[in-house]
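See below for the structure under consideration.
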Amino acid sequence: MNKIKGISPAVWVPTLYFAEGIPYFVVNNISTIMFKKMGMSNADMAFYTSLLYLPWLIKPFWSPFVDVLKTKRWWIVSMQCLMALLFAGLTFSIPSETGSAVSLYKLSLVLFWITAFASATHDIAADGFYMLGLSEGNQSLFVGIRSTFFRLSNLFVQGGLVVLAGLVESSTGDIPYSWKVTLGAVTGVWTALSLFHLFALPKPDSDVRRTDTSPEGILRDLGKSFVTFFKKKEVWAGIVFMLLYRLPEAFALKIVPAFLVDGADEGGIALSTTNYGLINNTVGVIGILLGGILGGAWISKHGLKKSLWLMAAALALPCAVYLYMSLVPGVPLWVVGSCIAVEQFGYGFGFSAYMLYMIHLSKGEFKTSHYAICTAFMAASMMLPGLVAGVLEESMGYPLYFGFVMLTCIATAVAVMAVRGRISEDFGKK
């Protein structure tokens, strides 16, 4: 097994990618359920938490400077130290009372946004460090491990932390305190990971600050990568695909947590915070993991082109489970769990096609930069619908809103038609 200065990648790869996932899921998932439980309206919750995607949307514009200004290891350690302070600040920023006024949560929103920026920067450095700290053979060997531990961080955040918040809430009856305890736990775990990485991350000889390229040269290269991207023959069809393929999911994502925890008098399912976390921690995670594994296997056997319609249907149509639950009062807990398992399995299966298409569109001389641009469109595809999702739901109510979500499946079909004919029969096959 490859070692660099005595540090085995079996030690630092899992912890680095577990750490990479924690701030991402805290910012984009914990914030949603926390602000909802604290009393923020659906419209405000969806709008302000969707804005937290912005750092990942604009990441391609500053990622080249991470290469120039310092080493990848320096960026990783610095961003982890910064986020330890930010998580501590978030713990103390939670107001002692609940309410719908956004002014109550201004400081928390600002700290979440700074955390998002630091997390996106950490992602850039960690992905670059992975390639510098491992040989080419070990990069392939550990790619599954890094993906698994990133997903486990989702399990830790959406399952473990939300369950913790629910248990504290049920024992004390104090919702603000429950989230202070939860974010305090994040701070403790994150600080331990940061201290570990400060000493355990290797120092590859190739991880050096670049001195051969000035910031002006980086800007020129950045401009060239954007020009070549938008000169690709299928770029506009690709943009349509990246923005529309996940539209049903994008409209559902910010509203589903509110729907699941809202009371029956508000049209919701009335899950406790604990049950919400337990369902995500069990059937939700199992569904998305199985879907992702089977999706990759399916494409490797049949190719992306032949798989695309099936995967689009798997991603979009299971959103119907939320329409069903909004129309049928008193849905039992086991049915709620089954519906979420089906929807998450479909998402994991269908999302495989999206990721592989971005690789397809990124082929060429600037494939790393072009892939980063694709991830910006991916972030935009989630952020833009989220900005208006809450307002639409409040004006429609849950049943009509989830009916509208099902209508957006038409956009997914348009996305598939835009690109399917441009993909070769063999692309994606093993």
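The values are calculated or read from the model by the stated rules, or taken from the named source; none is laboratory data. All values derive from a computational prediction rather than experimental measurement. Virtual Cβ from ideal backbone geometry, glycine too; neighbours counted across all protein chains shown. Note: accessible area is taken over every heavy atom of the protein model, side chains too, but ligands, DNA and RNA are not part of it. Shrake-Rupley method; radii C 1.70, N 1.55, O 1.52, S 1.80 Å.
Tabulated values for the structure
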quantity	calculated
Within segment 295-337, tally of residues that are over 16 Å from F427 (Cβ atoms) and touching a residue at least 24 places away in the same chain (Cβ under 8 Å)	20
Which numbered condition K231 fails, given (1) among the basic types (K, R); (2) surrounded by 12 or more Cβ atoms within 10 Å (Cβ to Cβ); (3) free of Cβ contacts under 8 Å to residues at least 60 places away in the same chain	(2)
Subset tally (residues that are open to solvent by 40 Å² or more (accessible area, probe 1.4 Å), aliphatic (A, V, I, L, M) and more than 19 Å from V189 (Cα to Cα)) for segment 58-104	4
Complete set of residues in segment 290-319 that are of a type in the set (A, V, I, L, M, F, W, C) and surrounded by fewer than 19 Cβ atoms within 10 Å (Cβ to Cβ)	L290, I293, L294, A297, W309, L310, A313, L317
Segment 361-383 - residue that is among the hydroxyl-bearing types (S, T, Y), closer than 16 Å to D123 by Cβ and in contact with a helix residue (DSSP H, G or I) (Cβ under 6 Å, 6 or more places away or on another chain) and, of those, most open to solvent (accessible area, probe 1.4 Å)	Y371
Residue, surrounded by the most Cβ atoms within 10 Å (Cβ to Cβ), within segment 209-228, restricted to residues that are modelled with pLDDT of 75 or more and more than 18 Å from I359 (Cβ to Cβ)	L222
Index of the failed condition, I286 passing every other in (1) open to solvent by 20 Å² or more (accessible area, probe 1.4 Å); (2) touching a Ser or Thr at 6+ places or on another chain (Cβ under 6 Å)	(2)
Test set (1) open to solvent by less than 40 Å² (accessible area, probe 1.4 Å); (2) within 17 Å of R146 (Cα to Cα); (3) not charged (D, E, K, R) - V11 fails condition number	(1)
